1. Rounded, prolate or oblate: pick one for chain A, where a ≥ b ≥ c are the square roots of the eigenvalues of its C-alpha gyration tensor, a/c under 1.5 means rounded, and failing that, prolate if a/b is larger than b/c, else oblate.
2. Specify which residue in the list C:137, C:276, C:80 is farthest towards the positive end of the charge dipole of chain C, using unit charges on the beta carbon of Lys, Arg (+1) and Asp, Glu (-1), about the Cα centre.
3. Search the structure for amide H atoms under 5 Å from the amide H of residue A:119, placed 1.01 Å from N in the peptide plane, and list their residues when 5 or more places away or on another chain.
4. Quickly estimate the mean residue ellipticity at 222 nm for chain A, helices only: each DSSP H run with n ≥ 4 gives -39500 (n - 2.57), and the total goes over all residues, rounded to 500.
5. Mind checking which aspartates and glutamates have their Cα closer than 14 Å to the Cα of residue C:12? Skip sequence neighbours fewer than 8 apart in that chain.
6. If you build a Gaussian network model of chain B, linking Cα atoms that sit under 10 Å apart, which residue out of B:263, B:33, B:199 swings the most?
7. Which value in nm describes the separation of the simple spin-label points at residue B:69 and residue C:15, placed 7 Å from the Cα toward the beta carbon?
8. Out of all DSSP beta bridges with both ends in the protein assembly as shown, state the antiparallel percent to the nearest 5.
Amino acid sequence: MGKRIAVLLLTLLVTVLMISACTVRERPADGNAQPTQSQQKDQDSQTTGIDTSKSVSLKMYLLGDGAADVDLVYGEISKILKEKINATITVDFLSWADHDTRYPLLFSSGEDFDLIFTAAGWGHYEQTATKKGFYELTEDFLNTYAPDIMKVVPEIAWDQAKINGKVYMVPNYSIEYGYDVIGVRGDLMEKYGIEKIESKEDLEAYYDAIVKNETDITPLATQGIGLQYPYLFQSRGWQVVRGTPLPLILYETANPDNTTLVSVIETPEFREYAHKMKEMADKGYWSRDSLTSNDTRSDPWVLGKAASMVWNVNNVSYYAQQINKEHPEWKATFVDIAPNVKRPVNPYTNNGVAINAISRNPERAMMALNLFMTDKQVYDLAAYGIEGVHYKAVGDDMYTPLDDAGRFPAETVCNWGWNNENLKRKLYVENPDPVVIKVQEAIEKWKNELTSNHPLDAFSFTEDNVKNEVAVISTLTTQYFDPICVGIVEDVDKAIDELIAKMKEAGIDKVLQEAQRQVDQYLASKR
Amino acid sequence: MAMKKKKRRTDILIFNITGYIVTGLVALLCLVPFVMILSASFSEEKLILKEGFSLLPRNFSLEAYRTVFEKPEIIGRAYLVTTVITIIGTILGLTLTSMTGYVLQRKDFEWRNRFSFFFYFTTLFSGGIVPYYILMVRYLRLKDSYLALILPLLFNVFNLIVMKNYMNGIPVAFTEAAIIDGCGDFSIYYRIILPLSKPVLATIGLFITLAYWNDWYNSMLYINDDSKYTLQYFLYMRINNIEAYKKIIAQSGGMAGSFIELPTQTLRMALTVVVTGPIIFAYPFAQKYFVKGITIGAIKG
Amino acid sequence: MRSKGFLFKVRKYRVLLLMLTPAVLYTLIFSYLPMAGIVLAFKNYNYADGIFRSPWSGFENFRFFFSSGQAFKVTRNTILYNLAFMLVNTVLQLAVAIFLSEIRGRRFKKITQSVMFLPYFISWVIVSVIAFNFLSHDYGIINSFLQSIGQNKIDFYGTPKYWVGILIFFNAWKAVGYGSVIYLSAIMGIDTEMYESAEIDGANIFQRILYITIPSLTPTIIILLLLAVGQIFRGNFDMFYQLVGTNGILFDTTDVIDTFTFRALIRSNDVGMAAASGLYQSVFCFITIVTTNYLVKRVDKDYSLF
């Protein structure tokens, strides 16, 4: 008897599961099939010229929390789009807090939308593209529907956006440097007679003076790991291969002829660096709790607990200005410990926009994006709000915020996906902080003299073939690599040997080989 | 007689002393961090970052609360949504749990173990978030529906088993007597078992209430319309947005924005206080039902 | 004959079955239907093909876990922590519940009970901030105190061995209010006549607890332990991740399956690999609980889960 009931229940269960399986199976299928059909129809009719007789409404997902006047501003944008391409647009936001969870779910559940912000590295680009979430942007497609974008976005940017040889995003066009500089306190430099900091030795002299003489100030804001880039990579002209797991696989950005990749942990330079970090940590350059501390990179410096911070030049200057507002006597500024080394421009794929693979109107979406990026009127609206309400234009390339700017803060409502260096406005300030001028001068110099031009600056690694290895390496990095970089291991050489052994076991050589293979293939395709 | 009384007094004395010390100590350990949170929430952000927490506010400041209540109409609305959802969810959940628990403990119900296993099995295996999300959004079309906030937390197997276990302890005599009196299965549940289960109903009711009250996850997944945000999600967003934004700036090497100046540490603490405040009053309500009182004799007689 | 018997029983239990229906339907829809997602563990998932039509990948998704050289360590940690949590939590919660049910001061009882619920509301993120305030090497409250009495500082965040204790402490601290309520309600359900007759027999308070309260609570204790055993391969991600974070120095004693998987997949966000690691935990939980339940059932049928 009991058995029969068990059997019955089981059959019931299996039936339900199967029914569910079937229904679940069918839905995504027709969800996909429909748009493809309509796409084909559209394309057929578009062989001659672009037909925009049918009015469409587009939907775009952006990151962040929006702003109070988003609907108002995008209403204005819609008016222009309606006139020019017979389309309207609405936006929805995936907030900072939960885009990691919701972004992939939008695609899993087949949600109906057309455009979405994306970014390589931090904005779901590679993951979504390899899972077939984005619409492929062929050259033909781009040339047909976004001719103006093709004139703006440089060739190298499209190369950076390639995943297995195909492009899935329109990269933004802005020239920024991720190169880390070091924010320091001018008053402390004067106090200890340090005139300039232009090398590692200068920096260490500064740090030593502080460790010896200041009881309440540590030399470096908590995260000792911040020195990794200036010390280990930048000063040696090394660059991490884009898309590789964590800072382990490098190429020599200063030398365009060298396209051989290096695994950093086995180099003598890494050993030297590790010993240096241990020495620094032992001297008390940063807190012993470095790896756990909740402090941000900047807080201790801004609050006067630390004598320096490490970050890219924009952020350092931002915090320096903040300090100089509150404590002008601290004379915050920034220094570069490798002032003559070439540095690459940030990848253009740092921000971008993609089209949903199941969008019903990919062509119109592309045309809309074309306007967002290259139409001055639309660009200004999306970036700065409504002229006379949120901002006041100062000439063609500057602006000042107006009283209502808080309802649509300039350049914060996720317009970064279609940044365009040619249309960008600068904030107009009457008496800028000296740091600001120093930054402008530095960047001018970098642009003119110090920008690297290495073929691999445009290359991106795709981890598909080695994703298990990459997963393991990611976790081992936290466990074995980071502690070495903040100098809190007991015995540096032993720790490095263990790191190398673990990484080899996890397959770092395989990843290196795969990366080199992709590099060679990429270079061959360029020739 | 006198001897005996004295002896009993000493054992009760010893017991009470240990009892007061142990529970007092545990309570103290639970209280201190909360006091630190409370005082941090009234402190100045900079001093907290610089000097850490303390038992008294550092440089009394209402900055964090000002940020929390920046948009009073939204937070008021969020309180309302959360309260209504919590009340409805608790009533439905408690009914479902107690009814199911009752059936599963009926010793004359032959299939009770099979059904228990049927329920328990779901705590072991799950398909993860992707299919669940697809089910909720595509098939049940619950996006932006209040049901999406109620349904996922309605029925919890852990609660069910605790419920069933308690009812198991109610002597069978009660049920048997009722059957003899001609009570049907449902009226036994309703008239006999439920009244005898007050302590566990209070406990599970409390658990369900807390689960609804503390829920932000379902809001995050299914609610886009900000007039339907629950309190926890609204607060969770406030704080995490600021932090995530800072983190993304760090990763992308972008430009730091105005977010940086908002308090985060003290804000976090203020949010905890704002959330915990009202719900802590639900507890004494449940406590009322923790009264010894079950006696078989009473019914038999 | 047999099927008639079955139908007969359905008739006999019709009210009970009707009462079960809502919960059964709910469970079918919200738990069993989505369970189909388990197949993701064996698939190379992509959005275009969806859950069921994505290509099969065999056991490829499991490889990252077993080839890491960490599988044994993190599994061991997960189990040992859960065992420790079970022991410490049960003893503490039981003790607190018994004390609260017996001591006299009503106001004291009410206040302490409420206060013990406070940690439940403090999210692990905040717990980690508070913990850091106590344990930090440079400014921590404990180390400042040690320094002031002339002792050496303790490097908590650099020494793995302390963390077993620290994690057990915080886990117990957070669960004590929640857990003791269950025991408390069970104590309330004990027949008061038993206490009365014990009192007449002259039993002292310790005897009453030992011979009446504890035995009456045994089913509850066993059920709660069984529920915990059923989750023995799962680590409380929030707790481990927030308290330990990315401090690799401590991983030897603090890394559990869930934190390991999280770190491994934080870049790729791979649904299939996440499902694989979840399935590994599920299968072992299943084996463990079915075995344990069988053993318990052999001792006493009433104590088993199913």
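Please treat every number below as a calculation from the coordinates, not as lab data. Computed from a prediction, not measured in an experiment: that's the story for all the values here. Counting neighbours? That spans all protein chains shown, and the Cβs are built from the backbone with ideal geometry, glycine included.
1. Taking the square roots of the gyration eigenvalues as a ≥ b ≥ c, chain A is oblate.
2. C:276
3. Long-range HN contacts for residue A:119: A:124, A:125.
4. Helices in chain A give a 222 nm mean residue ellipticity of -13500 deg cm²/dmol.
5. Straight-line reach from residue C:12, under 14 Å: B:108, B:110, B:185.
6. The residue that fluctuates most here is B:33.
7. Using points 7 Å along Cα→Cβ, the separation is 5.3 nm.
8. That works out to approximately 65 percent antiparallel.
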